[in-house]
Amino acid sequence: MKTFAVLGVGAIGGYCAARLAKAGFRVHCLLRSDFSFVKEHGLTMVSSEEKIQVKVNAYENISTMPACDVILVALKTTQNHLLKERLPPIMHSKTIVVLLQNGIGMDQQLAEYIPDQKIIGGICNLIVRKESPGTVRHLGHNFIQLAQYYPDETMQGIPQMIEDLCQNFRQAGIQCTPRSHLPTLRWEKLAANIPFNGLSTVLNASIQELVTNSASFSLLCAITQEVISAAERFGAPPPPDFFQFRLKILKSFIGLEKSYPSMKEDFDAKRPLELKAIYENAINIAKAHHYSMSLTEMLYQQLCYLE
């Protein structure tokens, strides 16, 4: 049975850790403020359908953690500078590192000190929030996609280790699909993150308010189309029906409980915003391919002003 380390036990990390532990995997969690609570009470995941309460191995210091087969990095990208010191002590010769993060450009940074073949990029289509120490609430969507990192961004392929890892997530009750091209996966996620995170923060609006107001809905659509165009220019085109797929996703939020993107929650809590990974890197990559993301850049400048 695989062993998992989880770095960043917030909403996403806590959700994955709880489900993996429930499925019988040995889960080791690095914690800060929640350490004492989780060590004593474990992790709890609550949804409208179920409640999971499980014990996990809790650690306050990376030096006390064992080497694990899979390391799930669910930290905010603003903390990625810590990974160079935190990852090597908990890796063995066959460890793989999975970046469950928003944005683009993080995989390349990791490859500066981790072998390419050990790096997997992942995106999470999950609506979860951290409610209290050691407790996350699942509000909707339950889907993770994984792809191998290749230094040559034109390369595609699905190694067996990704197939196996997807099966592990499915065993834990999380829908998981392997993908062959990581840049395409990253740009598809940006098509969700760039409009939702930015507009929610700038307009002080929930996801549900954004999709039910005609003016903000129009902006969501326009920015989404701009991100898709940038992806196509880069050489990572999403499927032809991707925009229509995104429209369905937008409308699916209408009936869900009021929720906010992670950047809005970070802004309200006065935490650093993931502006570089989600906005600055995408804008600069597009410019390098002779495409101007004018709407995205305006949103980015507004977010810089607010921060």
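Looking at the stretch 15-50 only, could you name the residues that are closer than 15 Å to Phe169 by Cβ, in contact with a strand residue (DSSP E or B) (Cβ under 7 Å, 6 or more places away or on another chain) and small (Gly, Ala, Ser)?
Within the stretch 15-50, Ala17, Ala18, Ala21 meet the criteria.
If only one of Tyr291, Tyr300, Tyr260 is of a type in the set (Ser, Thr, Tyr) and modelled with pLDDT under 95, which one is it?
Answer to the check: Tyr260.
Residue by residue through the stretch 23-51, note down the ones that are outside any loop (DSSP other than H, G, I, E, B), surrounded by fewer than 19 Cβ atoms within 10 Å (Cβ to Cβ) and over 20 Å from the mean Cα position of the chain (by Cα).
Arg26, Phe35, Ser36, Phe37, Lys39, Glu40, His41, Lys51
Quick check on Glu188: is it under 30 Å from Ile119 (Cα atoms) and acidic (Asp, Glu)?
yes
Condition test on Thr64, is it without any contact (Cβ under 8 Å) to a residue 12 or more places away in the chain, assigned by TED's automatic domain parsing to the domain that holds Ile127 and of a type in the set (Val, Ile, Thr)?
So Thr64 passes the test.
Farther than 28 Å from Ile223 by Cα and either in the same structural domain as Leu43 (by TED's automatic domain parsing) or touching a strand residue (DSSP E or B) at 6+ places or on another chain (Cβ under 6 Å) (or both): which single residue out of Leu146, Leu165, Leu139, Leu185 fits that description?
After applying the criteria, what remains is Leu165.
For Ala58, are the conditions met, namely being more than 19 Å from Thr95 (Cβ to Cβ) and either in contact (Cβ under 8 Å) with a residue 60 or more places away in the chain or assigned to a helix (DSSP H, G or I) (or both)?
Against the criterion (more than 19 Å from Thr95 (Cβ to Cβ) and either in contact (Cβ under 8 Å) with a residue 60 or more places away in the chain or assigned to a helix (DSSP H, G or I) (or both)), Ala58 does not qualify.
In the stretch 84-94, which residues are under 25 Å from Met1 (Cα atoms), out of contact with any Ser or Thr (no Cβ under 7 Å at 6 or more places or on another chain) and either at pLDDT below 95 or part of a helix (DSSP H, G or I) (or both)?
Arg86, Pro88, Ile90 - these are the residues of the stretch 84-94 that are under 25 Å from Met1 (Cα atoms), out of contact with any Ser or Thr (no Cβ under 7 Å at 6 or more places or on another chain) and either at pLDDT below 95 or part of a helix (DSSP H, G or I) (or both).
Could you grab me the full set of residues in the stretch 289-307 that are assigned to a helix (DSSP H, G or I) and over 21 Å from the mean Cα position of the chain (by Cα)?
Matches in the stretch 289-307: Ser294, Leu295, Glu297, Met298, Gln301, Gln302, Cys304, Tyr305, Leu306.
Give the stretch 240-270 a look and list any residue that's in contact with a Pro (Cβ under 8 Å, 6 or more places away or on another chain) and buried (at least 18 other Cβ atoms within 10 Å of the Cβ), or say none.
Asp266
Take the conditions part of a helix (DSSP H, G or I), outside the structural domain of Ala21 (by TED's automatic domain parsing), over 26 Å from Ala18 (Cα atoms) and of a type in the set (Gly, Ala, Ser) and apply them to Ala192. Does it pass?
no
Have a look at Leu185, Leu199 and point out the one that is crowded, with 16+ Cβ neighbours inside 10 Å and either closer than 20 Å to Arg129 by Cα or without any contact (Cβ under 8 Å) to a residue 40 or more places away in the chain (or both).
Result: Leu199 is the single residue among Leu185, Leu199 that is crowded, with 16+ Cβ neighbours inside 10 Å and either closer than 20 Å to Arg129 by Cα or without any contact (Cβ under 8 Å) to a residue 40 or more places away in the chain (or both).
The values are calculated or read from the model by the stated rules, or taken from the named source; none is laboratory data. All values reported here derive from a predicted model rather than from experimental measurement. Note that we place each Cβ from the backbone using ideal geometry, even for glycine, and neighbour counts take in every protein chain shown.
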